[in-house]
Amino acid sequence: AIDATHLAFTQPQIRGLTLCTLPELACEALPLPIGDEAYGAWTIGAGGIWFLDQSTEPPTLARYDIAERRISQRAPFAPMAFGRSLAVSPDGSEVLVARGAPTLIDLMVAR
């Protein structure tokens, strides 16, 4: 995933997220519970990384603040169906979560 100032990616068999600043491409590993299998369950934007944190009970929608290097927000997140996708508005005021299952598709807007 990429925004105006950062590039973030996962790597096979490595737990966590690699975050690089642009244009320098200075990279660091972030200790977030995001693995390569979490495709679609995280995104970057508005100065943060939004992700579905399944390491908490119950699972939460979390925002990692890039400048402060900490989780700055958490919201409850009901058990998800198969497949998911996250998107955040440019100003960070809205987060879209799409979930899909063989017989059901829904879209949530979190404000």
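Restricting attention to the stretch 1-22, the residues that are open to solvent by 90 Å² or more (accessible area, probe 1.4 Å) and small (G, A, S) add up to 1. Scanning the stretch 7-53 for residues being on the phi < 0 side of the Ramachandran plot, more than 12 Å from the chain's Cα centre (by Cα) and polar (S, T, N, Q) gives a total of 3. Counting the residues of the stretch 61-71 that are open to solvent by 20 Å² or more (accessible area, probe 1.4 Å) and touching a strand residue (DSSP E or B) at 6+ places or on another chain (Cβ under 6 Å) gives 3. Among the residues making up the stretch 23-48, those that are within 14 Å of H6 (Cβ to Cβ), out of contact with any Leu (no Cβ under 7 Å at 6 or more places or on another chain) and open to solvent by less than 20 Å² (accessible area, probe 1.4 Å) are I44, G45, G48. Identification of strands (runs of 3 or more DSSP E) wholly contained in the stretch 1-54 with 2 or more residues that are closer than 16 Å to V88 by Cβ and not hydrophobic (A, V, I, L, M, F, W, C) yields 42-45, 48-53.
The values are calculated or read from the model by the stated rules, or taken from the named source; none is laboratory data. Quantities reported herein were computed from a predicted structural model and do not represent experimental measurements. Every residue, glycine among them, receives a Cβ derived from its backbone with ideal geometry; neighbour counts consider all protein chains shown. Just the protein is used for accessible areas: all its heavy atoms, side chains included, with ligands, DNA and RNA removed. Shrake-Rupley method; radii C 1.70, N 1.55, O 1.52, S 1.80 Å.
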